[in-house]
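The values are calculated or read from the model by the stated rules, or taken from the named source; none is laboratory data. What you see is a predicted model, and the numbers here were worked out from it, not measured in a lab. Quick reminder, even Gly has a Cβ in these numbers, built from the backbone with ideal geometry, and neighbours come from all protein chains shown.
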Amino acid sequence: MMLSAPSFSYALLSPMLIVLAAAVLGVLIEAFMGKTHRAAVQLTVSIGALLLALIQIWQIRDMSSTSAAVNSVTIDKAGIFLQFTIIVLALVAVLLIADQDNFVARASTIPGSVEEQITTQQQVKQTEIFPLFLFATAGMMLFTVSTDLITLFVALEVFSLPLYLLAGLSRRRRLLSQEAALKYFLLGAYSSAFFLFGAAFIYGYSGSVSLVDISASAGSANDIFLYIGIIFMSVGLLFKISAVPFHSWTPDVYQGAPTPITGFMAACTKVAAFGAILRLFYVGFAESQTLWQPVITVIAVITMVFGSVVAIAQRDVKRMLAYSSIAHAGFLLSGVVALSKEGLAASLFYLFAYGFTTIAAFGIISLVRDSTGEVSDLNRWVGLGKKSPLVASVFSLLLLSFAGIPLTSGFIGKFAIFSAAYQSGNTLLVVVGVLASAIAAFFYVRVIIMMFFNDPDNDSVSVVIPSIKSRISITIATLITFVLGIFPSIILNTANNFANLIK
Amino acid sequence: MSLLTLVGISPLIGALIVLLIPAKKSELIKRVAFIITLLIALFSILLAVRFDKAITGFQFTQNNSWISAFNVNFAVGVDGISLVLILLSTILVPVVILATWHESDTGRWNTKVFYILVLVLETLMIGVFAATDLFLFYVFFEAMLIPIYFLIGGYGTGNKSAAAVKFLLYSLFGGLLMLASIIGIYVISGNQIGATFDLAKLATLQIDNQTEYFLFLGFFIAFAIKAPLWPFHTWLPDAAKSATPGTSVLLLGVLDKVGTYGMIRFCIELFPDATKTFTSFIITLAVISIIYGAFMAIGQRDIKGLIAFTSISHFGFITMGIFALTSQGVSGASLYMVNHGFSTAALFLIAGWMIWRRGSSTISDFGGLQRVTPVMAWTFFMAGMSSLALPGLSSFVSEFLVLVGTYTRYPVAAVIGTLGIVLAALYILIPVQKALHGPIVSGNENLKDLNLREKVAISPVILVIVLMGFYPKPVLDLINPTAEKIVINSGYSDPVAKVGK
């Protein structure tokens, strides 16, 4: 038997390969480099790799191929847009992550121990976060372009495992952080198992792991196996986007993880997971839409309503944004259900816009502190508008964007996704969507009231002067939120042009 | 760039100028803001001068592509009705600034923020009346909430932040319902004539009945909350009580007109069939508003609450006139919007001065003002008379037109509505008697009469009230052709021949 060498088109894979190589390089730096300059070098490597990947993405923007890596990766328009989104979001996020005082000095120290105090005083830095971050980014990029079930699963694990670790590295409230990490890991492992279980069923049904073959085989055997397969795989993916009822990890992890990581996770995981969901449902399961559309519709409705309603009861800003992200996952699912070019384009735009707003919001949260560190308790945010008008104004703008008020990117995204849903006949999703938005407006506005209309008391917090890196990151992300609200055409037209998945 | 766009962006430029002045020079900021808005008012009158009454379509139009992916255009233009509402906004803003010179001194934030908010709001107010693109209208409609929200919450009195939030949430809720309808009509246009937000094109769509009903209701509820119509009115009294007088003038005098304006421009023009179906229902709500507002006004002890409830009654009249769907009704309602703007402005501003001097807004705390502060008392009296539609003052003409227009199609509603006029006499005359006449209530002996600034500020308003009472023709000439066109375009004809004017 002859084994022919597998063919790779390295040019098309280069963005991912660059990031992966940089991650490996990061590990080597950890092993061989002295401690003094490690952090700076790691940051340089990360930014350099992401910029290089960005250039490569630009180079291949008009190319497409289904056989970039032996049929298991499809580089197409939508894939390129999603990868581009992940890279730019990661670039903005890494500037936040570079503010190392959010992270524990040495993760191996026991919380509260003397050793912990010593390492903190010595300003030891846990620089492994950079390679971990790069591995996660590369995994996310791969996740959006995988076209067979095995690669999908591998990519899922590649980006999930580093995130489990990163979630546990918070400098303050370490027990909470570690608990969050453990919870995320355990539930994530379950959901991966579900995903794999579903993939097995689908393989059994279609005899292939390739999405194209799965699509072609629709109706060829007993549909119940396909149905079970779709449901179980969906569980794995819906977990990642924190759709109800697979959302329970979200508030804990958002709260416990170091804030820059929360921002990175909230923005980029959503892009990656929705990228995979869109590809899976638009390509792999497009022919069996009657099976899954009702289910996903119901989940979208529950997710929107649940996220919006429960967010009202939150007293912690990170938990509130966690529930808000659940609600946004519901809005995004409307774009999946639409199963049209418009739905795909709207989802791409929404992910791009939402990602930046999210990173900026968590960037701001990481600045609001008291003497012991970051404070996410909303009751202590009162009067922030008086103490730091600029920070409070920027945060208000971001909240208004989450709420979907015109002249912010959030509004354009919402409009795009709801009109796609209406167009495909899902009036119910539109009506529930706007009602959920109305409910959601309440808790966003409440934060604005707390910041602006209440006087600061003794217990309230102050804003630290942000480092230049955070400042750049927050400024870019906020500007994009604002500019996309007024001149959305640039990204909107690009999203339209790139709304194409090769089937 | 059309003249209209120039008028529209000039407040924004004004806001930028104010932004450049150091916050400490608050007196300078006030003067600059006043002069800018005064110039804008004069500038906007140029629009009226150059407006061609012979053309019933939109004038001063401008159309630039904005968001090409959705075919959203920056499309503006005015017809008779939107023109007079823009004039109302631009004229009231300098009046308000001059009249409430000290309003911004005691706020949560400094003077500069106040005037920037007011100027931004002015741009948005002009924009919302000028937009001929549905998406653009919605953007202005929603964006307008933000400055007014901060004006109430930041500079108001009493339970201001609660009132501001109530206002915002009600409006957002209505706005989101409207958004669903906008998405609906946008998608339908995409299926029929190519996706568009152009009002003229949207009016030609063929929509099946059931869908049209839902779309109509989405718009109508949003506007009924804004207008505000019973039972969607509950936010208004709170907001009016908490807001400063100047903010209340802008809120009730101009912003709420967006509701009634929207009913004409969107509900009737886009959904004539659904309008037909819901007319009797809406007229009923309007009549309830008239009577309910009047009774609640009679029961008010707080002077700001009184004005708020009289407005609910008046908005009932306006809505009734609109949905009577006769050319007199629609003209009358449009004229009423302008007149109500001025008479409410007069009432709120003078009430504001009374409250500021007395330190109380309870009606019974006043008394004998006629003797202590004759000018203030007389101007309040005039404003009150205009509000109860005394013949010879502006509101009379419009109320009469509305009632005549309604009577030809809905005689019962018109007759019950007339009862509202009788009640108006009560709710105005009782407080006038309590506050202005009778013995001087202790604490009022040393109140000062209006100063020169206040006299200058209020005189144009009183002048308009009197002039429009005797000679409404110039404004009616602007409104009438548009009103007739709207009624005819929506498939109605006047039940009886026009009465000579």
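Of all residues in the range A:448-473, those that are within 14 Å of another protein chain (Cβ to nearest Cβ) and at pLDDT 90 or above total 0. Remark: B:ASP477 matches the filter, which requires a residue to be assigned to a helix (DSSP H, G or I), surrounded by fewer than 18 Cβ atoms within 10 Å (Cβ to Cβ) and charged (D, E, K, R). If only residues of the range B:86-116 that are within 14 Å of another protein chain (Cβ to nearest Cβ) and aliphatic (A, V, I, L, M) are counted, the one that is nearest to B:ASN159 (Cα to Cα) is B:VAL113. The set of residues in the range B:123-144 that are over 23 Å from B:GLY57 (Cβ atoms) and more than 8 Å from chain A (Cβ to nearest Cβ) comprises B:THR123, B:LEU124, B:MET144. Looking at B:SER82, B:SER10, which is the one that is more than 22 Å from B:ILE486 (Cα to Cα) and either buried (at least 24 other Cβ atoms within 10 Å of the Cβ) or of a type in the set (Ser, Thr, Tyr) (or both)? Being more than 22 Å from B:ILE486 (Cα to Cα) and either buried (at least 24 other Cβ atoms within 10 Å of the Cβ) or of a type in the set (Ser, Thr, Tyr) (or both) holds for just one of B:SER82, B:SER10, which is B:SER10. Filtering the range A:1-24 to residues that are surrounded by 21 or more Cβ atoms within 10 Å (Cβ to Cβ) and touching a residue at least 60 places away in the same chain (Cβ under 8 Å) leaves A:LEU12, A:LEU13, A:PRO15, A:MET16, A:VAL19, A:LEU20, A:ALA22, A:ALA23. Annotation: B:GLY359 fulfils all but one of (1) without any contact (Cβ under 8 Å) to a residue 24 or more places away in the chain; (2) at negative phi; the unmet one is (2). Considering (1) more than 10 Å from every other protein chain (Cβ to nearest Cβ); (2) surrounded by 23 or more Cβ atoms within 10 Å (Cβ to Cβ), the lone condition that A:LEU378 does not fulfil carries the number (2). When we screen A:GLY404, A:GLY410, A:GLY385 for residues that are closer than 15 Å to A:ILE448 by Cβ, in contact with a Lys or Arg (Cβ under 7 Å, 6 or more places away or on another chain) and within 14 Å of chain B (Cβ to nearest Cβ), the only hit is A:GLY404.
Set side by side, the residues A:ALA272, A:ALA243 differ, and just one is among the aliphatic types (A, V, I, L, M), closer than 17 Å to A:PHE133 by Cα and under 16 Å from the mean Cα position of the chain (by Cα), which is A:ALA272. Every test in (1) within 30 Å of B:LYS241 (Cβ to Cβ); (2) of a type in the set (A, V, I, L, M, F, W, C); (3) modelled with pLDDT of 90 or more is passed by B:PHE167 save one, and that test is (3).
Within the range B:54-103, the set of residues being within 19 Å of the chain's Cα centre (by Cα), within 30 Å of B:ILE193 (Cα to Cα) and either part of a loop (DSSP other than H, G, I, E, B) or not small (Gly, Ala, Ser) (or both) comprises B:VAL78, B:ASP79, B:ILE81, B:LEU83.
None of B:LEU205, B:LEU176, B:LEU215 is of a type outside the set (Val, Ile, Thr) and within 16 Å of A:ILE417 (Cα to Cα) except B:LEU176. All of (1) small (Gly, Ala, Ser); (2) over 27 Å from the mean Cα position of the chain (by Cα); (3) within 13 Å of another protein chain (Cβ to nearest Cβ) hold for A:SER371 with one exception: (3).
Among the residues making up the range B:54-70, those that are crowded, with 16+ Cβ neighbours inside 10 Å and either among the aliphatic types (A, V, I, L, M) or more than 14 Å from every other protein chain (Cβ to nearest Cβ) (or both) are B:THR56, B:PHE58, B:GLN59, B:PHE60, B:GLN62, B:ILE67, B:ALA69. Any residue at all in the range B:176-196 that is farther than 30 Å from A:LYS386 by Cα, modelled with pLDDT of 85 or more, under 18 Å from the mean Cα position of the chain (by Cα) and part of a helix (DSSP H, G or I)? There is no residue in the range B:176-196 that is farther than 30 Å from A:LYS386 by Cα, modelled with pLDDT of 85 or more, under 18 Å from the mean Cα position of the chain (by Cα) and part of a helix (DSSP H, G or I). Of all residues in the range A:424-437, those satisfying the criterion of being modelled with pLDDT under 90 and either surrounded by 23 or more Cβ atoms within 10 Å (Cβ to Cβ) or within 8 Å of another protein chain (Cβ to nearest Cβ) (or both) are A:ASN426, A:THR427. Only helices (runs of 4 or more DSSP H) whose full extent lies in the range B:219-307 are considered here, and none of them has at least 3 residues that are more than 26 Å from B:VAL422 (Cβ to Cβ) and hydroxyl-bearing (Ser, Thr, Tyr). Answer yes if at least one residue in the range A:347-362 is part of a loop (DSSP other than H, G, I, E, B), touching a residue at least 40 places away in the same chain (Cβ under 8 Å) and either more than 13 Å from chain B (Cβ to nearest Cβ) or surrounded by 24 or more Cβ atoms within 10 Å (Cβ to Cβ) (or both), and no otherwise. No: the range A:347-362 contains no residue that is part of a loop (DSSP other than H, G, I, E, B), touching a residue at least 40 places away in the same chain (Cβ under 8 Å) and either more than 13 Å from chain B (Cβ to nearest Cβ) or surrounded by 24 or more Cβ atoms within 10 Å (Cβ to Cβ) (or both). Counting only residues that are of a type in the set (Ser, Thr, Tyr), in a helix (DSSP H, G or I) and over 25 Å from A:ILE75 (Cβ atoms), the range A:111-153 holds 2 of them. Checked against the criteria, A:ILE480 does not count as more than 9 Å from chain B (Cβ to nearest Cβ), free of Cβ contacts under 8 Å to residues at least 60 places away in the same chain and either within 28 Å of A:TYR282 (Cβ to Cβ) or more than 24 Å from the chain's Cα centre (by Cα) (or both).
Taken over the range B:105-115, residues that are of a type in the set (A, V, I, L, M, F, W, C) and surrounded by fewer than 24 Cβ atoms within 10 Å (Cβ to Cβ) amount to 2. Each residue in the range B:179-189 was checked for being within 9 Å of another protein chain (Cβ to nearest Cβ) and within 15 Å of B:PHE223 (Cβ to Cβ), and 3 of them qualify. Within the set A:ALA68, A:ALA90, the sole residue that is closer than 15 Å to A:LEU134 by Cα and surrounded by 13 or more Cβ atoms within 10 Å (Cβ to Cβ) turns out to be A:ALA90. When every residue of the range B:200-207 is checked against the conditions, at least one turns out to be part of a loop (DSSP other than H, G, I, E, B) and either free of Cβ contacts under 8 Å to residues at least 12 places away in the same chain or more than 23 Å from A:GLU342 (Cβ to Cβ) (or both). The set of residues in the range B:145-164 that are closer than 30 Å to B:ILE185 by Cβ and at the interface with another protein chain (Cβ under 10 Å from one of its Cβ atoms) comprises B:LEU145, B:ILE146, B:TYR149. Annotation: of all residues in the range B:24-53 being touching a residue at least 24 places away in the same chain (Cβ under 8 Å) and part of a loop (DSSP other than H, G, I, E, B), the one that is surrounded by the most Cβ atoms within 10 Å (Cβ to Cβ) is B:PHE51. Of the residues making up the range B:146-165, none is of a type outside the set (Phe, Trp, Tyr), in contact with a Gly (Cβ under 9 Å, 6 or more places away or on another chain) and within 21 Å of A:VAL432 (Cα to Cα).
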